[in-house]
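Below is one structure, written out as C-alpha cells; the observations come after it.
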Amino acid sequence: MRVFVTGATGFIGTAIVQELIGAGHQVLGLARSDASTQKLIDAGAEVHRGDLEDLDSLKSGTALADGVIHAGFIHDFTRFAEVCQADKKAIEAIGEVLAGSNRPFIVTSGTALVSPGKLATEDIIPPLNPAWPRASEQTADAMAALGVRAAALRLSPSVHGDEDKHGFIPMLVNIAKEKGASAYIGEGLNRWNAVHRLDAAHLFRLALENTTPRARYHASTEEAITVKSIAEAIGKQLNIPVKSIAPEAAAEHFGWFAQMAAIDCPASSVWTQEHLNWHPTHPTLLTDIENGVYTK
C-alpha cells in the first residue's frame, strides 16, 4: 500500500515509517518543516508538505494514499483543549476523503484512561472525559459510521526505547535529577503499562493491514508495572535515593505530572495479540532503564 502517515517524523512515527517501508509499503509522510522533509527523504519516504491544522493538506495527502495512519498530535499542553479540537478536525478531514472507499484508517489513542484502577481490555469503551477532551476514538467511530474503515490503536503511557526524549520516563528522570531523589506516591503500587516503540510500530502496520472497523487495539506489551519499580530503576541508574512522597505533597514534587504519576492503569493486549498475531520481541521498560537508555 501507499500509506499516508501523520506524525511521521516523531519518536513513534519514525519507527512506523521504517516498519512500513521494511514490509514493502510506500510511505507518504506529512512534513511541516525542511528538517522533517529531509528526515523523511533520508528514511526512503515520499514527502507531503503540510501540518495537522492545515486540513486541505490532510485531505490532499489522504487522496493520494491507499490507507492512513494518524500518529500525529500537537503536544502543546498549554492549550490542550484547543489541540484536542484540532485533532478531531484532522480525523474528520481525513475520514471525509476515505468515506466509502474501504481504505484503512488507524487513529491513535491511549490506554491510560480506559479503565483507571482496573485492567483495561480492548472491549471497554469509556465515555468521553471532560477533563481529558481528546476524542480520537469517538471521532474514528463517527467516521466508521460514515463508511470509513477506521479503528483506534491505544498506546501505553510509556512507549519506550532509544531516542525517547519527551515521554513520561524522561520526565520522571528529569524530575529525579532536579529533586535529587527518584520518587513515587504513597506505596507506589499504582501500575502503568508499557510498550517498546518498535513493537508499537509493528502493531500499527498489522492493524493497518488487517483493520476491523471500530476495533480498539492495545499496544501494551507489559500489562502492569508498579510506579515504585520504575522509580527504583531510575534511582539505581542515577545513583540517588528512592523515596515515597505523600499524596498531598505530590504536586509540589512532580508539578503538573503528579496526576500521571498517581494513575493506576494496567492494560491487557491479549485480544490484540491473538487477533493480529502480534508478538512483541523488544526489551521491556525496566530493561531499557537498567541498560541506561534514559541515563546515558
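The values are calculated or read from the model by the stated rules, or taken from the named source; none is laboratory data. Keep in mind the model is a prediction, meaning the values are calculated, not measured. Please note: Cβ atoms are built from the backbone with ideal geometry, for glycine as well, and neighbour counts cover all protein chains shown. Side chains are part of the model used for accessible areas, which takes the heavy atoms of the whole protein and leaves out ligands, DNA and RNA. Shrake-Rupley method; radii C 1.70, N 1.55, O 1.52, S 1.80 Å.
Here are some notes:
- At a probe radius of 1.4 angstrom, the accessible area of the range 1-128 per residue rounds to 44 square angstrom.
- Share, in percent, of DSSP beta bridges within the chain that are antiparallel, nearest 5: 10 percent
- The alpha-carbon of Lys89 sits under 16 angstrom from the alpha-carbons of these lysines, leaving out residues fewer than 8 places away in its chain: Lys59.
- Pairwise FRET efficiency - Trp132 versus Thr287, Cβ, R0 = 25 Å, nearest 0.05: 0.25
- Excluding ligands, DNA and RNA, the accessible surface per residue across the range 232-296 is 55 Å² with a 1.4 Å probe.
- Over the range 1-123, relative contact order from alpha-carbon pairs under 8 Å, at least 6 apart, %: 25 percent
- Among the GluC sites (Glu not before Pro) found in the range 93-176, those both in a DSSP coil and sparsely packed, with 13 or fewer other Cβ atoms within 10 Å of their Cβ, are Glu163.
- Working note: Karplus 6.51/-1.76/1.60 with θ = phi - 60° gives the range 227-234 the couplings 5, 4, 5, 5, 4, 5, 5, 5 Hz, where Gly and Pro are set to x.
- For Lys165, the aspartates and glutamates whose Cα comes closer than 14 Å to its Cα, not counting residues fewer than 8 places off in the same chain, are Asp288.
- Answer label, with Cα Rg over 2.2 N^0.38 Å calculated from the coordinates and candidates (i) 0.99; (ii) 1.63; (iii) 0.92: (i)
- Surrounding net charge for Leu206, when Lys and Arg each add one and Asp and Glu each subtract one, Cβ distance under 13 Å: -3
- With K and R counted +1 and D and E -1, the other residues having a Cβ less than 15 Å from that of Phe11 yield a net charge of -3.
- Distance between modelled label sites at Trp256 and Arg214, nm, 7 Å Cα→Cβ extension: 3.5 nm
- Within the shell of other residues whose beta carbon sits under 11 angstrom from the beta carbon of Gln273, the net charge comes to -3, with Lys and Arg scored +1 and Asp and Glu -1.
- Mean Cβ count within 10 Å, highest first, over the residues of peptides 3-9, 30-36, 16-22: 3-9, 16-22, 30-36
- Partners for Lys243 among lysines (Cα-Cα distance below 23 Å; same-chain residues under 8 apart left out): Lys177, Lys179, Lys228, Lys296
- Of all accessible heavy-atom area on the range 118-203, the percent that carbon and sulfur account for (1.4 Å): 57 percent
- Model label sites at Gln85 and Gln26, defined 7 Å from Cα along the beta-carbon direction, differ in position by 3.8 nm.
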